[in-house]
Amino acid sequence: MKNIFIICFLYVSAVAWSCDICGCSLMGNYTGSLPMLYNHYAGVRYSMQSFDSHLLMHTAMHSKEHINTAEVLLKWNIKNKVQVHAVVPFAYNIQTQQETIYESKGISDLKFWANYILFDSKIDTGSKIKHIAVIGGGMKLPTGSFDAKSNINPNLRTGSGSYDILINALYSIRSYKIIQSISANYKYNNSNDAGFRFGNMAWIGYNLQYLFNKYKYSVMPGAVCSYEILMPNKKYGYRVEYTGGTGLLAGAGIDIIYKQLTINATIQIPVYQSYNDNNTTVGHKASVSVAYLY
């Protein structure tokens, strides 16, 4: 396959208890490795994550949360330098607090953004090293539900109730069969009608993959690491206690491409984490996606 650049755009969006102890970005949406930059595509993705929340001074106050998201992924190319992306997510989230189980399910917040290719060296057919640089931005729409009266963790509700701004950038380089990418994302959150505002989020990630070509197949195993910074949530302009933090994750993934079909699977585990004044422990993140290129 020709001119394969692996583009990883990962941006996160996202208390429990009545005192809001959980405020991490555990509703992160990973768009996966998206090969064939100049193709349109349509696909689906399933992702899951779990975490534990507790108050250090109240060990009896303990909660387990599980986030499950199914998404429809769409991308259209407009001429050669502009791409339009859309993600339509459906959430099924579960929170277990002591012996009480809370559930939240339904359509989540729709995301759309456009990317502009600043530089692409593919036009230099004689070069063995190829570069690409991309910037983009978009919005998250409040199509999900944010019920201010619900007892479930706000992060587990199907929507944030606010219009939010998404910004991303990527640089990728391919040398022979080794592909490296570094990407950054920022999410600016606004307040919803209930006076609640999720903290702004910044993320940076590095991806390394090796390309194996055989007949009509391409297989690309790889490693990924990411670091995120989460600002505290606010309610009516005041900081929500036990929210915000930082985390470093590392993991592995694989892409399999056959003709116009691509499959991706990724798993990440926390290497370092300090969320919500150490009142939240993040588990692993995993996702699998299938897309059709056309």
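Kindly put 203, 76 in sequence by how many other C-beta atoms sit within 10 Å of each C-beta, fewest to most.
So the ranking, lowest neighbour count to highest, is 76, 203.
For segment 187-194, in order, what is each residue's ³J(HN,Hα) by Karplus, 6.51 cos²θ - 1.76 cosθ + 1.60 with θ = phi - 60°, in whole Hz (x at glycine and Pro)?
Using θ = phi - 60°, the values come out as 10, 9, 9, 9, 7, 9, 5, 8 Hz.
How large are Rg and Dmax for segment 141-185 when calculated on the C-alpha trace, in angstrom?
18.2, 56
For 67, 178, which order do you get if you count the other beta carbons within 10 Å of each Cβ and list the fewest first?
With the sparsest Cβ surroundings first, the list reads 178, 67.
Determine the sum of side-chain charges near residue 210: Lys and Arg each +1, Asp and Glu each -1, restricted to other residues whose C-beta is under 12 angstrom from that of residue 210.
Once positives and negatives cancel, what remains is +1.
Between residue 271 and residue 80, 0.36 nm times their residue separation minus their Cα-Cα distance comes to what?
Length gained, residue 271 through residue 80: 64.9 nm.
Kindly count the pairs of lysines across segment 145-288 whose alpha carbons are less than 27 Å apart, treating pairs on different chains or eight or more residues apart as eligible.
Step by step, the pairs that qualify in segment 145-288 add up to 12.
To make sure I understand, if each residue's beta carbon is the centre and we count other beta carbons within 10 Å, what order do 234, 177, 140, 79 fall in, fewest to most?
Going from least to most buried by this count: 79, 177, 234, 140.
To the nearest 20 debye, what charge dipole does segment 196-257 have about its Cα centre, counting +1 at the Cβ of each Lys and Arg and -1 at the Cβ of each Asp and Glu?
Computed charge dipole of segment 196-257: roughly 180 debye.
Ordered by residue, what ³J(HN,Hα) values in Hz, to whole numbers, does segment 270-283 give under the Karplus form 6.51 cos²θ - 1.76 cosθ + 1.60, where θ = phi - 60° and Gly and Pro are x?
x, 9, 9, 8, 8, 10, 6, 6, 6, 9, 10, 10, 8, x
Could you give me the percent of Cα pairs per 10 Å distance bin for segment 170-294, shortest bin first, beginning at zero and ending with the bin that holds the maximum distance?
Per 10 Å bin, starting at 0, the Cα pair percentages come out as 12, 31, 29, 18, 9, 1.
Quick check: net charge around residue 248, other residues with Cβ under 15 Å of its Cβ, Lys/Arg +1 and Asp/Glu -1?
Neighbourhood net charge equals 0.
Report the net charge of residues surrounding residue 221, where surrounding means a beta-carbon distance below 12 angstrom and charges are Lys +1, Arg +1, Asp -1, Glu -1. Before the final figure, lay out the partial values.
Details: positive: 177; negative: 255.
With Lys, Arg at +1 and Asp, Glu at -1, the net is 0.
How high is the relative contact order of segment 165-263, in percent, with contacts defined as C-alpha pairs under 8 Å that are six or more residues apart?
22
How are the alpha carbon pair distances in segment 164-244 distributed across 10 Å bins from zero to the largest one, expressed in percent?
16, 31, 22, 16, 11, 3
Give me the distance between the Cα centres of segment 215-294 and segment 70-103, rounded to whole Å.
Their Cα centres are 13 Å away from one another.
Every number in this text was worked out from the coordinates using simple rules, so none of it is lab data. If you're wondering where the values come from, they're calculated on a predicted model, not measured in any experiment. We place every Cβ from the backbone using ideal geometry, glycine too, and count neighbours over all the protein chains shown.
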